[in-house]
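The values are calculated or read from the model by the stated rules, or taken from the named source; none is laboratory data. All values derive from a computational prediction rather than experimental measurement. Note: ideal-geometry Cβ built from the backbone for every residue, glycine included; neighbour counts use all protein chains shown.
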Amino acid sequence: MLATAPHPVSVALAPDRPVWGGGTLVCRAIVEETHDVKTFVFAAPSPARFSFLPGQFLTFAFDIVGRSVERCYTISSPSTVDATLSITVKRVPNGVVSPWLHDRLRVGDRLRARGPDGQFTPVEHRSDRYLFLSGGSGITPLASITRTFADLGEDCDILFVHAARAPRDIIFRDDLARLARRLPRLRLSTIVEDPVGEPGWAGFVGRLDRDKLAVIAPDLASRMVMCCGPAPFMAAARRLVLAAGLSGDLYAEESFDFGDAPNPIALDAAPASGAGTASKITQIRFAKSQRSFPCDPGMTILEAARRAGVPLPFACSKGICGTCKSRKISGTVEMTHGGGIRPREIDQGLILPCCSRPCDDVVLDR
């Protein structure tokens, strides 16, 4: 007699699966990408769909040697695949989490995560002509975006520039080459500091500079530039593209590791003569929820909200991701962010509570 129980595949891909909303993830596979980079593939413990935008990230919670640690990792898989999702992690020497993931995590192990979060996505930064600039592990969100475009058959004009130390350090090298064969308007350029180990290296050598950028993207001023990588790489890339005539509104960046924020950008969200952080306790009020709480001198609004038990969404806590972005109704803050908010958004009265310290009493539209 034939078995009547549903096939595991039909259960895992059932159209009525709920959307995963955070919680437990089960490691289903581990892929070695390079000598020090691995991809970890996760699924929900029971059938569920993952819903995220390419370029977004998850915040993982770890218990390592009795210490609770959180890390944000960008999803590297395409958003068109909803039964699993992946993160791609480079081992950081003397790091806390990445060595643990590389050495201790096994298929079948469980982790907890929340999200997805982040605005470093093609939905937020719409264009039909992109320049992607990635350095090292910063390739992960841009790979997710490119893979999603390929799966959807999007006919985008993409110049994808990746910088690595050496050919052996190029993450997703073969996969991106395959994507370039599928997407006729995807053009790849790779820059290595030293072509050691590959005598026939045909790419660029050195670091991203004005001359290389002029050859790769002579029309960059008309493209949407999305940049991700280590802080020095992003700072250099930002200077180069702005010097080449790119409008600031056409530049977006995100740190590949929220433990290493890019060089902070200090801006007064509502400039006032002689304004500075308050030397006394201020009051923060959420207009919609009618919640109020005190904020000590030098404390960010997010820190004060968490201490008071007032809900406020956040992820990176470093002014990078934009998850906590809020509209300021009144008051003045001093904000030092890491690229998670645009100048025009600041002009419209938006702030990032995670990196905003009040100068006086503040009311937010929350």
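Any chance you could count how many residues in the stretch 307-326 are within 18 Å of ASP117 (Cβ to Cβ) and either surrounded by fewer than 16 Cβ atoms within 10 Å (Cβ to Cβ) or among the aliphatic types (A, V, I, L, M) (or both)?
Within the stretch 307-326, residues that are within 18 Å of ASP117 (Cβ to Cβ) and either surrounded by fewer than 16 Cβ atoms within 10 Å (Cβ to Cβ) or among the aliphatic types (A, V, I, L, M) (or both) number 5.
Give me a count of the residues in the stretch 11-27 that are farther than 27 Å from PHE62 by Cα and either exposed (fewer than 10 other Cβ atoms within 10 Å of the Cβ) or at pLDDT 95 or above (or both).
The total comes to 2.
Looking only at the stretch 335-351, filter to residues that are in contact (Cβ under 8 Å) with a residue 60 or more places away in the chain and in a loop (DSSP other than H, G, I, E, B); which one of those is surrounded by the fewest Cβ atoms within 10 Å (Cβ to Cβ)?
Once the filter is applied, the top-ranked residue is GLY349.
I want to confirm something. Restricting to the stretch 25-56 and keeping residues that are under 19 Å from the mean Cα position of the chain (by Cα), among the aliphatic types (A, V, I, L, M) and assigned to a strand (DSSP E or B), which single residue is nearest to PRO230 (Cα to Cα)?
Among those residues, the one meeting the criterion is VAL37.
All but one of (1) touching a strand residue (DSSP E or B) at 6+ places or on another chain (Cβ under 6 Å); (2) crowded, with 20+ Cβ neighbours inside 10 Å hold for THR332; state the number of the condition that does not hold.
(1)
If you take the residues in the stretch 225-239 that are modelled with pLDDT of 90 or more and surrounded by fewer than 20 Cβ atoms within 10 Å (Cβ to Cβ), which one is nearest to the chain's Cα centre (by Cα)?
ALA236
Out of all the residues in the stretch 115-134, is one or more surrounded by fewer than 23 Cβ atoms within 10 Å (Cβ to Cβ) and farther than 20 Å from ILE145 by Cα?
No, the stretch 115-134 contains no residue that is surrounded by fewer than 23 Cβ atoms within 10 Å (Cβ to Cβ) and farther than 20 Å from ILE145 by Cα.
Does any residue of the stretch 69-85 turn out to be under 25 Å from SER317 (Cα atoms), touching a helix residue (DSSP H, G or I) at 6+ places or on another chain (Cβ under 7 Å) and surrounded by fewer than 16 Cβ atoms within 10 Å (Cβ to Cβ)?
Looking through the stretch 69-85, at least one residue is under 25 Å from SER317 (Cα atoms), touching a helix residue (DSSP H, G or I) at 6+ places or on another chain (Cβ under 7 Å) and surrounded by fewer than 16 Cβ atoms within 10 Å (Cβ to Cβ).
Give the residues of the stretch 57-106 that are more than 19 Å from ILE171 (Cβ to Cβ), part of a loop (DSSP other than H, G, I, E, B) and hydrophobic (A, V, I, L, M, F, W, C), sorted by residue number.
VAL65, ALA83, VAL96
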